[in-house]
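Visitor: Mind looking over this structure? Questions follow.
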Amino acid sequence: MWVVCWVAAAVVCAAGWPSAQWRCPALSARPAADCACDLPHTLRCAGDHTALQIIGRHLREQRARNKNTAVSLLDCSLRGVSMLSAGSVQELAGVALHGLVVSSGDIRRVQQGAFNSLSATLMALGLPNNQLPSVPTEALTRLWNLDRLDLSNNKIHTLDPNSFKGIRNLTYLDISDNQLTDISEEAFKPLVKLAVLRLRGNLLKVPALVSLKEAHMLRDLDLSSNALEGPLGPTTVPTLVHLSTLQLSDNTFASIRRGALAGLTNLTNLNLHNNQIDVLEDYAFKHLANLTSLDLSHNEIVAVSGASLAQLTNLIHLDLSHNFLRSLSAEPLKSLRSLTELFLHDNDVSMIDDGALAQHKDLGRFTIEDNPLNCDCLMAGFARWLREAGNLSQVDKSAAVCTTPPHLEGALISRLSKSKLCDDFEHVDKVKDAYDYNKDVVKDDDYDKPDGLDDDVYDEELEVPTAEDLPISSSKVRLLDAWFDDEEVHLSWALEPPSTHRHRCTGVTVSRAGGIAKHVACHRAPPANVVLRGFKIDPADQYTFCIALEEMDSSETLLSLVLGCGSPQIVRQRVPFATAVPVLITTPPVVDALRVTEVRSNVTSDGVLTVLISVMGLPRPQSPQSRSQRLTVETKNQISQNCYVVLAVLSHGSLVAQKDTPCQSTLEITMEGFIRGPYEVCATLSKFKIDEARPICVVPQLLEPLGSQMKAGFKSLNTALVGVALALTAIIIGLVWFVRKMLKKPSEFESHRCFRQEPAQEENPRASYVMLTATSKV
């Protein structure tokens, strides 16, 4: 759908019509063609195999009567069409279309010359979400003005030297989500103007990339979600001097060699998200001096050496999140003089060297949450940098919290003084030795203080925010539930009245009956799920919990503090579960498969179809602690975010209605305009299409109004009376026959009789249902 919108904007701009005067053309030929407008000069329709002819005829007539109804882009979703013929497109001649998108979910062939009648004006053509096994070359040959072509979500396996003959003016080509394994070295040679190429979601390996050498004018290349593997070296991608954006995410590259991507000297954006990279060799990016954005997140990087990122003097955005980095030193960042965004969240960073970020006081984004930061004297320089970073948002500053030592767990690093960080004299001595303090007695004026370690600001205690920093909110907070297990205490709080703003916990105090209150870190948790670690509960005593919440608006700006306490209560113990023998897990956890488990449906006498659908396998909200658990939840969330329930209504095997809805555990969907059937309602899952998931189908019941039900009841009663009378007659006849038979029967019976049931007739196998493929939404 986003491709359609993007094409629509492009063709409307090309048309140059004032959108304020444009009116959506009214098409009356329903239900063969059902149309609507959501963008100027854009018409979206759904219909059967005659829809294109009907739409073309109406558009020509309205264009002749009123030029303010002219359509530039037509997006049509067809039902029951496996071949797109020249005759069906012929009716669109004279409409002056700049863009055409046709999908049915089942188009396997496009007739030769199908679009010849539109060759004079057609600039953008989309055939997505179909079943094309190859590029429909013979149908495209005469589209000399074609600028954009979308063949995504088809079944294309190969590209040969003649796949794109005749369309030399093409600048944008999308062949994403196909089954490409082989690309001829001459495949892109006819496309002398090609600037954007989308090859995402195919089965390409590194040897297939040699074909890109003929795409000399490429500026944007997407190779994500393929089967690319091995080291990323100097010749992995051939020389493309104009390429500025390269997407290599979701592959299996294992390392980055010295001088990688040597032929892409003008590259500015490189995405290597979600590979298996664990090693960055020295001078890995020596040929990419123009790079401004580098994404290395979701890899297996343990360390970045001082020379790994050398030569990236123009780099602005660096993402190293979701790796296994253990520390941050100044050496790798030394040459990144233009850096303004640095993402390090979800690593294993425990130490940040003093002066590591001294050259980057102008950072606008810096993320360090979900790292086991050790708050000792070595962290003093980082704490001062946080306070002095004027461009850094309060959200990023407050994400830097201590994990160890235990007495500082959950504390904001930016608010810790030197005395707090250096309260262990052993650490102070280590710091003095590390920075080579002058052992001789010198005057204060002669002593050169190491940067970031001996600042006057550390002589003052920095406390957590008070009412002077943030106003106290009038909202109330109420403790809903409290329970504990061997390791954690779980609290659930609710705001009154409910608020649309986001809240997070800044601290919890716990007081035992008659005892002194103790402060416990709550790790910025949401109020509904506050977890306290390292606090032991006595099941026989009562405890009072108090909480402080930060209230934030949609831009993460702090607004106020919400304070509240629960009443003294005994904390219940979590019901113990049976324990299992620990098993060493060496493979990633398996995500439960999503599937439709139940479909219930009926049609009311008003023509409203109501369908209830149940979906199993969606992730449940939770707060995992281990890295493997976090990866599992992230994978489930990615699946559920790309999951849609496709509801289809069929009559005599033909699709009459379809609706796509984001996945939820339980869905209630209503559709109007249905008369007495028979109908069949099918539900399946689609994404990024889970085609192997079989649909669940039901035949809806027709619910009659009360009067009709009473009439049906009388009718049923009459039928029942007639049935009873017939049954009594049959019984009487049977008795007469039995008496006569007994009178004639001999006095002796056979000693053995065998009775055998008649073999049951085999049921006919249920008819196979046509798998549903998502098409453009109506």
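The values are calculated or read from the model by the stated rules, or taken from the named source; none is laboratory data. Bear in mind the structure is a predicted one, so any value in this text is a computation, not a measurement. Virtual Cβ from ideal backbone geometry, glycine too; neighbours counted across all protein chains shown.
Visitor: Please go through (1) crowded, with 21+ Cβ neighbours inside 10 Å; (2) in contact with a Phe, Trp or Tyr (Cβ under 8 Å, 6 or more places away or on another chain) for Ala195 and return the number of the only condition it doesn't satisfy.
Guide: Tallying (1) crowded, with 21+ Cβ neighbours inside 10 Å; (2) in contact with a Phe, Trp or Tyr (Cβ under 8 Å, 6 or more places away or on another chain), Ala195 fails exactly one: (1).
Visitor: Same structure again: Here are the criteria: (1) buried (at least 21 other Cβ atoms within 10 Å of the Cβ); (2) touching a strand residue (DSSP E or B) at 6+ places or on another chain (Cβ under 6 Å); (3) under 20 Å from Ser297 (Cα atoms). Tell me which single one Phe382 does not satisfy.
Guide: (3)
Visitor: So Leu267 fits all but one of (1) closer than 16 Å to Leu232 by Cα; (2) in a strand (DSSP E or B); what number is the exception?
Guide: Every listed condition holds for Leu267 apart from (2).
Visitor: Could you check the stretch 203-237 and list, in sequence order, the residues that are in a loop (DSSP other than H, G, I, E, B) and within 16 Å of Asn275 (Cα to Cα)?
Guide: Applying the first criterion (in a loop (DSSP other than H, G, I, E, B)) to the stretch 203-237 yields 203-205, 215-219, 223-228, 233-237.
Matches in the stretch 203-237: Leu203, Leu204, Lys205, Leu223, Ser224, Ser225, Asn226, Ala227, Leu228, Gly233, Thr236.
Visitor: Now, a different point. Checking the conditions here, which among Leu180, Leu261 is in a loop (DSSP other than H, G, I, E, B), at pLDDT 95 or above, closer than 27 Å to His298 by Cα and assigned by TED's automatic domain parsing to the domain that holds His322? Give the steps one after another, and end with the answer.
Guide: Working: Leu180 fails: assigned by TED's automatic domain parsing to the domain that holds His322.
Within the list Leu180, Leu261, the selection yields Leu261.
Visitor: Looking for whichever is at pLDDT 85 or above, buried (at least 18 other Cβ atoms within 10 Å of the Cβ) and not in a loop (DSSP other than H, G, I, E, B) here; the options are Val11, Val89. Which one fits? Don't jump to the end; show me each part of the working.
Guide: On the way: Val11 fails: at pLDDT 85 or above.
Step by step, each of Val11, Val89 is checked, and only Val89 is at pLDDT 85 or above, buried (at least 18 other Cβ atoms within 10 Å of the Cβ) and not in a loop (DSSP other than H, G, I, E, B).
Visitor: One residue is enough: does the stretch 75-84 have a residue meeting the conditions outside the structural domain of Leu655 (by TED's automatic domain parsing), touching a residue at least 24 places away in the same chain (Cβ under 8 Å), of a type in the set (Gly, Ala, Ser) and part of a helix (DSSP H, G or I)? So that I can check it myself, show each step before the final result.
Guide: Keep residues of the stretch 75-84 that are outside the structural domain of Leu655 (by TED's automatic domain parsing), which gives 75-84.
Still in the list and also touching a residue at least 24 places away in the same chain (Cβ under 8 Å): 75-84.
Narrowing the set further to residues that are of a type in the set (Gly, Ala, Ser) leaves 77, 80, 82.
When the remaining residues are screened for being part of a helix (DSSP H, G or I), the result is none.
No, because not a single residue in the stretch 75-84 is outside the structural domain of Leu655 (by TED's automatic domain parsing), touching a residue at least 24 places away in the same chain (Cβ under 8 Å), of a type in the set (Gly, Ala, Ser) and part of a helix (DSSP H, G or I).
Visitor: Still on this structure, I have one more. Scan Ser184, Ser163 and give me the residue that is farther than 26 Å from Ser249 by Cα and of a type in the set (Ser, Thr, Tyr). Walk me through it before giving the result.
Guide: Details: Ser184 fails: farther than 26 Å from Ser249 by Cα.
Residue meeting the stated conditions: Ser163.
Visitor: Could you list all residues from the stretch 23-74 that are among the charged types (D, E, K, R), within 26 Å of Arg109 (Cβ to Cβ) and not in a loop (DSSP other than H, G, I, E, B)?
Guide: Let us first name the residues in the stretch 23-74 that are among the charged types (D, E, K, R), namely 23, 30, 34, 38, 44, 48, 57, 60-61, 63, 65, 67.
If we keep only those that are within 26 Å of Arg109 (Cβ to Cβ) too, we end up with 34, 44, 48, 57.
Matches in the stretch 23-74: Asp34, Arg44, Arg57.
Visitor: Based on this model, can you work out whether Ser297 counts as of a type in the set (Ser, Thr, Tyr), in contact with a Pro (Cβ under 7 Å, 6 or more places away or on another chain) and part of a loop (DSSP other than H, G, I, E, B)? Give the steps one after another, and end with the answer.
Guide: On the way: of a type in the set (Ser, Thr, Tyr): yes; in contact with a Pro (Cβ under 7 Å, 6 or more places away or on another chain): no; part of a loop (DSSP other than H, G, I, E, B): yes.
Answer is no for this residue.
Visitor: Might you let me know whether the stretch 191-201 holds any residue that is over 22 Å from Asn271 (Cβ atoms), of a type outside the set (D, E, K, R) and outside the structural domain of Leu294 (by TED's automatic domain parsing)?
Guide: Filtering the stretch 191-201 for residues over 22 Å from Asn271 (Cβ atoms) gives 191-193.
With the extra rule that they be of a type outside the set (D, E, K, R), the set shrinks to 191-192.
Now drop any that are not outside the structural domain of Leu294 (by TED's automatic domain parsing), which leaves 191-192.
Yes - at least one qualifying residue is present in the stretch 191-201.
Visitor: Another question, then. Can you tell me which residue is surrounded by the fewest Cβ atoms within 10 Å (Cβ to Cβ) among those in the stretch 131-155 that are under 25 Å from the mean Cα position of the chain (by Cα) and not small (Gly, Ala, Ser)?
Guide: Start the filter on the stretch 131-155 by keeping residues that are under 25 Å from the mean Cα position of the chain (by Cα), which leaves 131, 150-155.
Narrowing the set further to residues that are not small (Gly, Ala, Ser) leaves 131, 150-151, 153-155.
Details: Gln131: 15, Asp150: 25, Leu151: 24, Asn153: 24, Asn154: 25, Lys155: 12.
Residue satisfying both the conditions and the ranking: Lys155.
Listed here are the residues, each with its yes/no results for (1) in a helix (DSSP H, G or I); (2) at negative phi; (3) of a type in the set (Asp, Glu); (4) at pLDDT 90 or above.
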position	(1), (2), (3), (4)
Ala93	no, yes, no, no
Leu100	no, yes, no, yes
Gly105	no, no, no, no
Gln112	no, yes, no, yes
Asn129	no, no, no, yes
Glu138	yes, yes, yes, yes
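Visitor: Out of (1) modelled with pLDDT of 90 or more; (2) closer than 24 Å to Ala310 by Cβ; (3) part of a loop (DSSP other than H, G, I, E, B), the odd one out for Gly355 is which?
Guide: The failed condition is (1).
Visitor: For Gln111, only one of the following conditions fails: (1) of a type outside the set (Ser, Thr, Tyr); (2) assigned by TED's automatic domain parsing to the domain that holds Ser88; (3) surrounded by 22 or more Cβ atoms within 10 Å (Cβ to Cβ). What is its number?
Guide: Failing condition for Gln111: (3).
Visitor: Is it the case, given these coordinates, that Leu280 is closer than 29 Å to Asn154 by Cβ and buried (at least 23 other Cβ atoms within 10 Å of the Cβ)? So that I can check it myself, show each step before the final result.
Guide: Details: closer than 29 Å to Asn154 by Cβ: no; buried (at least 23 other Cβ atoms within 10 Å of the Cβ): yes.
Against the criterion (closer than 29 Å to Asn154 by Cβ and buried (at least 23 other Cβ atoms within 10 Å of the Cβ)), Leu280 does not qualify.
Visitor: Show me the strands (runs of 3 or more DSSP E) entirely contained within the stretch 481-551 in which 2 or more residues are of a type in the set (Val, Ile, Thr).
Guide: 502-512, 530-533
Visitor: Take Leu342 and tell me if it is assigned to a loop (DSSP other than H, G, I, E, B), outside the structural domain of Thr404 (by TED's automatic domain parsing) and of a type in the set (A, V, I, L, M, F, W, C).
Guide: Numbers: assigned to a loop (DSSP other than H, G, I, E, B): no; outside the structural domain of Thr404 (by TED's automatic domain parsing): yes; of a type in the set (A, V, I, L, M, F, W, C): yes.
No; evaluated as a whole, the condition is false for this residue.
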